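Student: Right, I'll just put the structure down here and ask away after.
The values are calculated or read from the model by the stated rules, or taken from the named source; none is laboratory data. Values in this document were obtained by computation on a predicted structure and should not be read as measured data. Positions of Cβ are generated from backbone atoms using ideal geometry, with glycine treated the same way; all protein chains shown enter the neighbour counts. Heavy atoms of the whole protein, side chains included, go into the accessibility calculation; ligands, DNA and RNA do not. Shrake-Rupley method; radii C 1.70, N 1.55, O 1.52, S 1.80 Å.
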Amino acid sequence: MEGLPDAAAFATRLKNTLIQYHSIEDDKWRLAKKTKDVTIWRKPSEEFNGYLFKAQGVIDDTVNSVIDHIRPGPCRLDWDSLMTSMDILEHFEENCCVMRYTTAGQLWNIISPREFVDFSYTVGYEEGLLSCGLSVDWSEKRPEFIRGYNHPCGWFCVPLKDSPYQSLLTGYIQTDLRGMIPQSAVDTAMASTLINFYGDLQKALQKA
């Protein structure tokens, strides 16, 4: 596979990076946006000149159901309004693959559609699951899309202690959209996009 000599080692490194983000102290984060159900924080990324965003909210469903809707697969396209297509390019094992997906334009198309090629890995974490991803080099490019790049990203989902049918979902996202967009526009879009993500996910799970 292009740029991925050892999928297992790559997956382990990615998982460890996300666990490291998950242990960053609260006082390192700055509040970016808050609604009744979801809170978004941010801090400067150590990977590129944008921000690492942290999102957190409670979802009314079980961990397995939530993660099945987030990780690569047919569920995701049904509800994620930002994602316009998704193909699995390579499977390593059941919980590990390379996927290519495209996103819709944002902010009145100031941010034009993007394409991403990500390595995706889902693994048990404490009482729940972690689904994480990282963009990889893939030589085949489509001229109609700008190729964006996801630095290590992921979603931790664990059952609420007093309510096993509810899950605490915590996401870490750092996306370099590339192209000629001011970083401030990206940051504005990112906080709103993450809030919408939780709302769309909750609606999809209620229908399921």
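Student: Report the full-extension gain for the segment residue 23 to residue 43: residue separation times 0.36 nm, less the Cα-Cα distance, to one decimal in nm. Walk me through the intermediate numbers first.
Tutor: On the way: separation 20, 0.36 × 20 = 7.20 nm, distance 1.36 nm.
Between residue 23 and residue 43, full extension yields an extra 5.8 nm.
Student: What is the magnitude of the charge dipole of the chain about its Cα centre, with +1 placed on the Cβ of each Lys and Arg, -1 on the Cβ of each Asp and Glu, and no other charges, expressed in debye to the nearest 20?
Tutor: 680 debye
Student: Could you tell me the distance between the Cα centroids of region 50-101 and region 158-208, to the nearest Å?
Tutor: Cα centres, region 50-101 to region 158-208: 11 Å.
Student: At a 10 angstrom cut-off on C-beta neighbours, averaged per residue, how do the peptides 95-104, 20-29 rank from highest to lowest? Before the final figure, lay out each step's value.
Tutor: On the way: 95-104: 19.2, 20-29: 11.2.
Listed from highest to lowest mean packing, they are 95-104, 20-29.
Student: Give, rounded to the nearest 20 debye, the magnitude of the charge dipole that region 66-130 has about its Cα centre when Lys and Arg contribute +1 at Cβ and Asp and Glu contribute -1 at Cβ.
Tutor: Approximately 340 debye in magnitude.
Student: At 1.4 Å probe size, with the rest of the protein present, what percent of the exposed accessible area of the chain is carbon and sulfur atoms?
Tutor: In the chain, the share of accessible area belonging to carbon and sulfur is 50 percent.
Student: Another question, if that's okay. Using a 1.4 angstrom probe, figure out how much accessible area region 47-204 has per residue, in square angstrom, rounded to the nearest whole.
Tutor: 45 Å²
Student: Quick one: of 141/207; 33/141; 33/207; 54/203, which pairs are farther than 32 Å apart, Cα to Cα?
Tutor: Over 32 Å apart, Cα to Cα: 141/207; 33/141.
Student: Run the 1.4 Å probe and let me know the accessible area of residue 17, rounded to the nearest 10 Å².
Tutor: 30 Å²
Student: Evaluate the relative contact order of the chain (contact order divided by residue number), counting alpha-carbon pairs under 8 angstrom at least 6 apart; express in whole percent.
Tutor: 23 percent
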